[in-house]
Amino acid sequence: VGLHKCGFWRPKSLLDTSRFTLSFNSRHRKKHQDSRALWKHEAVQKYLETLSKEYQQISHLLNADSINDFEQRTLRKRCADLSPIAAAFQEIKEAEREGQELEAMCRELDSRDEKQLLELALEEKETLDKKINMLCRKLFQLLVPKEKYDRSHVILEVTAGRTTGGDICQQFTKEMFEMYQNYADYKSWTFDIVNYTPAEIGGLHHAAAHISGDDVYRHLKYEGGTHRVQRIPETGLSSRMQRIHTGTMSVIVLPQPEEVDVKVDPKDLRIDTFRAKGAGGQHVNKTDSAVRIVHLPTGLAVECQQERSQLLNKEIALRTLRAKLYQQVIEKQLSQEQSARKLQLGTRAQSERIRTYNFTQDRVTDHRISYDARNIKEILSGKEALDKLINRLLEFAEIEAVTEYLENLQALEGGGC
């Protein structure tokens, strides 16, 4: 049980993949746009049938008296992994059978006397389809392994880009930072501002926040990258001429595990103090409480002006610096583990514009998954609409992970030993 035909054990995790992110040029995008479409694929059905049969075989063996304690522990572990998948697989199959029965009944209900019954059947069919879609998503979430840092807190940084014609980038950066702050509130996370550098004309140059809560990195890991805005400025000549300006801002999302074991030599640090800027209380611009720390070997710099106490700001800045240094270690590991597709998302590369916010057309486009959402105000409010977009990204990443794993499995089995 659990043995490939070539004679080696199947990996303990159901999808023993390296880190998966979103591909900008996936040839599977049109074929597998959602979990339901991927579910219908022949290779997926074959793989799930194999897992279901393996679960049945293991359950049978566990009831036998012929296995020793070591084999029993191994099989129990595998059985626990397979049990929810086998259950979800059978539940979807059963729901599909119910759907087929309803379709057959609908074809027979075509007389006027049966119109009301037909409407009820169609309504039940629609409810059943929604249930199947939900179960398919649940199934693929079970198949895809959890990433190491998914449950981590994060450091989120926003930085305004450069553009000609005024404050469009700074204003957009402020709106984006507030969007993530509202999203943290929507998800019941804690959002602590670490650094805030406002622009003179009301926007924002740069800001950073520490966000803690349940599965923060899992939800925000695909926000890293360059975000583009297209809008008509509110004032000036361009406003009067209705001329559209384009600007950018960048988002960086750093996972921050609870224990960041990075040693920092005090000799490698340059610590400066300065007066805080922006909203924060009466101490702003009156005391040198803000702290900037530069890590000389790498050139990394962090600032903190969150607290009135210089000592507390220094402590927070050091924690942020350790997170950034730790991130370099993570990125090095990921670059070694990264799949051959050179998948963009998750590397936080700033060269690709991951999303466009077009105010004139009231549309937000995520270029990685060809997803359009209307009503920019709802997205920027940081609530349900943004959560829907983020969950669509997560679903797409899960589909990519399953697709690539099945490709690798087919290549392995097709190539022989």
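Points to keep in mind about this one:
- Residue check, Lys115 touching a residue at least 24 places away in the same chain (Cβ under 8 Å), part of a helix (DSSP H, G or I), open to solvent by 20 Å² or more (accessible area, probe 1.4 Å) and over 20 Å from Glu49 (Cα atoms): no
- Tally of residues being within 22 Å of Arg308 (Cα to Cα), at pLDDT below 95 and surrounded by fewer than 22 Cβ atoms within 10 Å (Cβ to Cβ) across the range 158-195: 2
- Residue list for the range 288-307, filter: within 13 Å of Lys324 (Cβ to Cβ) and polar (S, T, N, Q): Thr298
- All positions within the range 174-221 that are in a loop (DSSP other than H, G, I, E, B), touching a residue at least 60 places away in the same chain (Cβ under 8 Å) and touching an Asp or Glu at 6+ places or on another chain (Cβ under 9 Å): Lys187, Asp215, Lys221
- Within the range 134-163, the set of residues being under 20 Å from Ala401 (Cα atoms) and in contact with a Ser or Thr (Cβ under 7 Å, 6 or more places away or on another chain) comprises Cys136, Arg137, Phe140, Pro145.
- Reported count of residues in the range 287-319, each being open to solvent by less than 40 Å² (accessible area, probe 1.4 Å) and either assigned to a loop (DSSP other than H, G, I, E, B) or at pLDDT below 85 (or both), is 2.
- Only residues that are open to solvent by 50 Å² or more (accessible area, probe 1.4 Å), more than 17 Å from Arg392 (Cβ to Cβ) and of a type in the set (D, E, K, R) were counted across the range 131-152, and they come to 4.
- Any hit, the range 390-408, residues being surrounded by fewer than 16 Cβ atoms within 10 Å (Cβ to Cβ) and not assigned by the TED database to the domain that holds Val216: yes
- Failed condition for Leu122, given (1) more than 30 Å from Ile244 (Cα to Cα); (2) in contact with a helix residue (DSSP H, G or I) (Cβ under 9 Å, 6 or more places away or on another chain); (3) not in a helix (DSSP H, G or I): (3)
- Considering residues of the range 33-47 that are in a helix (DSSP H, G or I) and touching a residue at least 60 places away in the same chain (Cβ under 8 Å) only, the residue most open to solvent (accessible area, probe 1.4 Å): Arg36
- Answer residue from the range 183-206, given it is polar (S, T, N, Q) and closer than 18 Å to Ser250 by Cα and is nearest to the chain's Cα centre (by Cα) among those: Asn195
- In this structure, Glu108 does satisfy being out of contact with any Phe, Trp or Tyr (no Cβ under 9 Å at 6 or more places or on another chain) and over 26 Å from Ser52 (Cβ atoms).
- Residues (open to solvent by 20 Å² or more (accessible area, probe 1.4 Å) and modelled with pLDDT under 95) located in the range 362-371: His367, Ser370, Tyr371
- Here Asn358 meets each of (1) in contact with a Leu (Cβ under 6 Å, 6 or more places away or on another chain); (2) at pLDDT 70 or above with one exception, condition (1).
The values are calculated or read from the model by the stated rules, or taken from the named source; none is laboratory data. All figures in this text were calculated on a predicted structure; none of them were measured in a lab. Quick reminder, even Gly has a Cβ in these numbers, built from the backbone with ideal geometry, and neighbours come from all protein chains shown. Heavy atoms of the whole protein, side chains included, go into the accessibility calculation; ligands, DNA and RNA do not. Shrake-Rupley method; radii C 1.70, N 1.55, O 1.52, S 1.80 Å.
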